[in-house]
1. Could you pull out the pairs from K327/K349; K64/K105; K64/K373; K99/K193; K25/K216; K349/K375 whose alpha carbons sit more than 24 Å apart here?
2. D for the chain, whole µm²/s, Stokes-Einstein with Kirkwood Rh over alpha-carbon pairs at 20 °C and 1.002 mPa s: what number?
3. Rounded to the nearest 5, what % of DSSP beta bridges with both residues in the chain are antiparallel?
4. Would you mind computing, in nm to one decimal, how far apart the modelled labels at I44 and H124 are, each placed 7 Å from Cα along Cα→Cβ?
5. In the structure displayed, which of K31/K288; K212/K233; K135/K233; K74/K166; K18/K74; K46/K266 lie more than 29 Å apart, Cα to Cα?
6. Arranged from highest to lowest average of other beta-carbon atoms within 10 Å per residue, in what order do the peptides 282-291, 95-104 appear?
7. Under the Kirkwood approximation applied to all pairs of distinct alpha-carbon atoms, what is the hydrodynamic radius of the range 68-166 in Å?
8. Placing +1 at every Lys and Arg Cβ and -1 at every Asp and Glu Cβ, with all other atoms neutral, what dipole size does the chain have around its Cα centre, in debye to the nearest 20?
Amino acid sequence: MNKNLNITDYNYHLPEEKIAFFPCKNRDESKLLVYKNGTISESIFKQIPDYLDDNCMLVFNDTKVIQARIVCFKPTGSRIELFCLEPYGMLHSAALAAKGSCKWKCFVGNNKRFTEPLTLEFNHKNENGVLHIEKTNTFNDASFEIQFSWTPKELSFAEVLECVGKTPLPPYIQRDTTDEDTHRYQTVFAKEKGSVAAPTAGLHFTDEVLEKIRQKNIPTDAITLHVGAGTFKPVTETYIENHIMHAEQFSFTKETVMNLLKNSDKRLLAVGTTTARALESLFWIGEKLASHKGGDLHIPQWHDQNSAQLTVTQSLEAVLFYMNQHKLNSLHASTSLMVTPYYQPKIVKGIITNFHQPKSTLLLLISAFVGDKWKVIYQYALDNDFRFLSYGDACLFW
C-alpha cells in the first residue's frame, strides 16, 4: 500500500456557489450521478431503484444526529460555544442515557474566555432546568474534557441536549440553523443517537424510495457508525502518511452479520462513506478474530490493507463465531481505517455518496472505487450544475 500519496493530487476547485447551503425542497428530488463501466449518466434520486436489482444488497448507517452544539453566554456577554464530539470514558448510548452528569470531549469556541464554570437555564416540559458546564482537562488535539451536570437529575443527557442544543451543521455551511435543519439534517431511518454529523448519503432516501427497493426484493440492513467531527478534518499534510485519521465507534448486530452472510453472493452497496468504512473494518475484525490476535476490536489507520487471508464469508463466520462464543447480540468496535486509492475493497462493491470536499479523506475513499476517474466525474458534476457537499446531490458508483 502506498502511503506516499500527495494530497495535492486530490484537489479541485470548488466554487462557493456550487456548495448547497440548504437542502433540496424534497429529499428524493436531488440529482443523481451514476458512474458504471466507465460511463457517466444522470437522473433524479427517486429513480435510484431503477439502477438496482435483486442481485445487490444495500446497507445503511442508522445513526442519529444529536443536538451537539451548545451556546452559552457569560455574565459579561462573552459567547462560548461547545461542540460535543464524543463521550469521555463510555459508549454513546450510555452517555446519552446518563442522568445527572456525564463527561464529553468537546471543541470550545472562544475558549480563552471560558475561565470558570458556566450555567445554562432551560425548560423541559414546563419544568425549569439548569445545566452546569465545567472544563476539567485539555487534550492534545485542542479539544477539552467537559463535565456536564444538571437538574432535574431525572433527565437523561439526550433530553438535556434536546432542550439546549442546536443542529451541528458542517463548518462550511456558514449560516444559522433553522427549524427545517432539525429534521432535514437527519435520515428518515435514523435510529441510534450519537452522531455529530449526518451520514449525508442517506439524506436523499424517502419512505417511498425505500418501499420501491423492498418491492424489488432487494435485501437491506443497517450498521451504526456515529459520525464524528473528524469527518470534516482537512488533510493539511502534503503526504497522507503524515495525516492522523480520526477514530469512530461503530456497532453491528448478530442479525446483521447473519444477513450479510446469507447475502454474501450479492453485490453489496454501501449507503455512504461511513457505512463503507464500517463494513470494511468489519471484514478486518473478522480477520483478527480468526487469527486469534486477541479481543482488540479496533482497526488502526494503516492496517495491512491488502494482506487478506480470508474470504468475505470466512471473515463474517469468524465474527459470528466470536459473538456466539461470547453470547453477544451486538458487537461494538472502533476504526481509524484510512481507505486510500490503493485499497482494494473487500466487502463493498459499490457506494452511494455525495460530492466531497477537495483534499479530504472522503475523496481518497471514493478513489478506491473509481480511481483517477474521480476527476472526470467531479468535473462533469461541476459543469452540469450538481450541488456539492452535505446538502448536495448524490452519486452511485459501482
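Values in this text are rule-based calculations from the coordinates and carry no lab data. The structure displayed is predicted, hence computed values, not measured ones. Cβ placement follows ideal geometry from the backbone for every residue including glycine, while neighbour counts extend to all protein chains displayed.
1. Among K327/K349; K64/K105; K64/K373; K99/K193; K25/K216; K349/K375, the Cα-Cα distance tops 24 Å for K327/K349; K64/K373; K25/K216.
2. 97
3. 70
4. Label at I44, label at H124, 4.3 nm between them.
5. K31/K288; K212/K233; K18/K74
6. With the highest mean Cβ count within 10 Å placed first, the list reads 282-291, 95-104.
7. For the range 68-166, inverting the mean 1/r across all distinct Cα pairs yields 13.5 Å.
8. For this selection, approximately 340 debye.
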